[in-house]
Amino acid sequence: MTISDKQNKANLDRDAHLEARAYSQIIAWPTVLLGVTVFTCYWAIPLLVIFHELPLFIAIPLMAILTYAAYTVLHEAVHYCISGNKKSLRWLNNWMGTLAATILMVPLVAHRYLHLVHHQNTNQRTKDPDIYSRDVFSSLTSFFYAIYQAVAGQYKSYITKRWHTAPVRQNCQFILETFCALLLRAVPFAIAISIGGAEMQQTIVNLLMLFIGGGFIGTFLLVFLFAYIVHRPHQISDRYLNTSTIVISGPLSWPVTILWGFQNYHAVHHLFPWVPFYYYRHLFKRIRPTMELMGAPIYQLNWRGLRQVSVS
C-alpha cells in the first residue's frame with residue numbers, strides 16, 4: 001500500500017468518524033423504554049405461569065425473545081450509549097444495564113470488562129473472549145460449551161482476570177448484581193411454595209423448565225446473532241474487516257432488522273460503538289461508500305442465504 005493509499009483511507013475514516021460523531025450527544029430514550037418493557041414483561045411471565053397457568057409452549061419462547069432483547073439494553077449500557085455524553089445521566093445508563101443484567105444472569109460490571117476486551121481484540125484467537133462462538137456448530141460439545149461460556153464464562157473471566165485489580169466498589173457491585181439476579185429467580189418459587197396445594201410440585205417443575213428453557217434458547221440466539229454470524233470467519237482483526245454487515249432487501253427488511261435488534265448492522269457498532277443501536281441502519285446508509293472502499297464485508301440476505309456484495 002502506497003503512502004497515497006494510506007492517506008486516502010485515513011481521510012475516508014475521518015469523514016465516517018465525523019458522520020458518526022453526530023450521535024454522541026444523543027440520550028437513548030427508546031432504549032430506556034425497551035429496557036423497562038423487557039424487564040417488566042420478563043418477570044411477569046413466571047407470575048402468569050403460576051397464577052394463570054400460561055402454557056410453557058408460549059411462555060418459554062417469550063422468555064427467550066425477552067432474553068435476547070434484554071441483551072440489547074445491556075450491550076448499550078456497556079458502551080454508555082443510553083446516556084450519550086451526558087455524564088449527569090450515567091446513573092440511568094447503569095441502572096438500565098443492571099436491570100437487563102438480572103435477566104441475562106450476567107453482571108453489568110463483568111460484561112463491560114469482557115466486552116471491551118472483545119472490541120480491542122476482535123477475532124484474535126488467544127485474546128478475544130468471544131472467540132468461542134466460532135466453533136458453535138462444529139460439534140455438539142462445542143455447541144453446549146458456547147452456551148455455557150456466554151454466561152458462566154463471564155463470571156470465570158472476571159474473577160480470574162479482573163477481581164484482584166478492580167476497585168472494591170466494582171467488586172461489590174458484581175456481588176450485588178449476582179445476588180439480585182438469583183433473588184428475582186427465587187421469588188416465583190417462593191410464591192409457588194407459599195401457595196402450596198396439590199399442584200405445587202408441577203408448578204415448581206414448570207418454573208424450572210421456564211427459566212432453563214427460556215434462558216438456554218435466548219442465550220443461543222445471542223451467541224448466533226450477536227457473536228457468530230456477524231464475525232465469521234473469525235480470522236481478520238482489522239477494524240473495517242473484522243465484522244460483517246448483513247443487508248436484508250425487500251418488504252421484510254424492516255421487520256427482520258427490528259427483530260434482529262439492528263445487529264445485522266453490527267459492523268457499524270464495531271466502527272463507532274457510541275452510536276445507539278436503532279441508528280445503525282441510518283448511519284450505514286450514510287457511510288456505506290466509505291465502508292465499501294475500505295473493503296468492509298457486506299452481505300445481502302435473501303431466501304437463498306447470504307451473498308457477499310462487497311469483497312474485502
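The values are calculated or read from the model by the stated rules, or taken from the named source; none is laboratory data. Since the structure is predicted, the reported quantities are computational estimates derived from the model, not experimental observations. Cβ sites come from the backbone with ideal geometry, for glycine too, and all protein chains shown count toward neighbours. Note: areas computed on protein heavy atoms with side chains; ligands, DNA, RNA excluded. Shrake-Rupley method; radii C 1.70, N 1.55, O 1.52, S 1.80 Å.
Hey, can you rank 207-219, 80-92 by average C-beta count inside 10 Å, highest first?
Listed from highest to lowest mean packing, they are 207-219, 80-92.
Say R0 is 22 Å: what FRET efficiency, to the nearest 0.05, do ASP13 and LYS285 get from their beta-carbon distance?
0.80
Hydropathy first: keep DSSP H helices in the chain averaging at least -0.5 on Kyte-Doolittle, then drop any whose Cα extent along the axis falls short of 20 Å, and list what survives.
29-52, 56-78, 90-104, 140-161, 168-195, 200-222
If you build the Cα gyration tensor of the chain and take the root of 5 times each eigenvalue, what three semi-axes come out, in whole angstrom, biggest first?
Ellipsoid semi-axes (Å, largest first): 36, 22, 19.
Counting only protein heavy atoms and using a 1.4 Å probe, what share of the accessible area of the stretch 1-75 belongs to carbon plus sulfur, as a whole percent?
Here carbon and sulfur together make up 68 percent of the probe-accessible area.
Might you work out the accessible area of PHE189 for me, using a 1.4 Å probe with all protein chains in place, and round it to the nearest 10 Å²?
40
Largest first, what is the accessible-area ranking of ARG239, ARG14 with a 1.4 Å probe?
In descending accessible area the options line up as ARG14, ARG239.
Largest first and to the nearest Å, give the Cα extent of the stretch 47-197 along each principal axis.
Ordered largest first, the stretch 47-197 gives principal extents of 53, 46, 29 Å.
Counting helices only, and only those DSSP H runs with n ≥ 4, report the 222 nm mean residue ellipticity of the chain as the sum of -39,500 (n - 2.57) divided by its residues, in deg cm²/dmol to the nearest 500.
Helix contribution divided over all residues of the chain: -21000 deg cm²/dmol.
Cross-link candidates for LYS156: which lysines have Cα within less than 22 Å, leaving aside residues fewer than 8 places away along the same chain?
LYS127
Report, in debye and to the nearest 20, how large the dipole of the chain comes out about its Cα centre when Lys and Arg carry +1 and Asp and Glu carry -1 on their Cβ.
For this selection, approximately 820 debye.
Using a 1.4 Å probe over the heavy atoms of the protein chains, calculate the carbon and sulfur portion of the accessible area of the stretch 77-228 as a whole percent.
The value for the stretch 77-228 is 66 percent carbon and sulfur by accessible area.
Count charges around LEU114 for me, please; just the other residues with Cβ under 13 Å from its Cβ, Lys/Arg as +1, Asp/Glu as -1.
Summing Lys and Arg as +1 and Asp and Glu as -1 gives +3.
Please arrange HIS266, HIS282 by accessible surface area, largest first, computed with a 1.4 Å probe and ligands excluded.
HIS282, HIS266
Roughly how many Å² is the accessible area per residue of the chain, as a whole number, for a 1.4 Å probe?
That works out to 51 Å² per residue.
Hey, can you grab everything whose amide H is under 5 Å from the amide H of VAL247? Only 5+ residues off in sequence or another chain; H modelled, so Pro and N-termini drop out.
TYR299, GLN300, LEU301
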